[in-house]
1. For the chain, with a Gaussian network of springs between Cα atoms less than 10 Å apart, report the residue from A56, A15, A44 with the top mean-square fluctuation.
2. Starting from the Cα-Cα distance between I50 and F67, subtract it from 0.36 nm times their residue separation and give me the gain in nm to one decimal.
3. Working with all protein chains in place, sort E7, E39 by solvent-accessible area computed with a 1.4 Å probe, largest first.
4. How long is the chain along each principal axis, judged by its Cα atoms, biggest number first, in Å?
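The values are calculated or read from the model by the stated rules, or taken from the named source; none is laboratory data. Since this is a predicted model, take the numbers as computed values, not measurements. The area values use the complete protein model at the heavy-atom level, side chains included, leaving out ligands, DNA and RNA. Shrake-Rupley method; radii C 1.70, N 1.55, O 1.52, S 1.80 Å.
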Amino acid sequence: MDEKIVESAAAGLVALLPGFVSAWIFYGLTPHKKPDKFERVVQAFVFTFISQGIVAAVRFVSVAAGF
């Protein structure tokens, strides 16, 4: 039972990794004040959604172009 919880938590973190990296880059390169931990997780969701959308669009265009 505990192994499944650990596996699902690890899968969730891996899925959110692009969002956390994007937020880290954004707040590392701009003078914005870092938000609370909950807001960081929400922004990681948003950045992950945006990055996955961009990847899907690039993949679609690449397939349509024949690459």
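1. Maximum among the listed residues: A56.
2. 3.8 nm
3. E7, E39
4. In descending order, the Cα extents are 43, 42, 14 Å.
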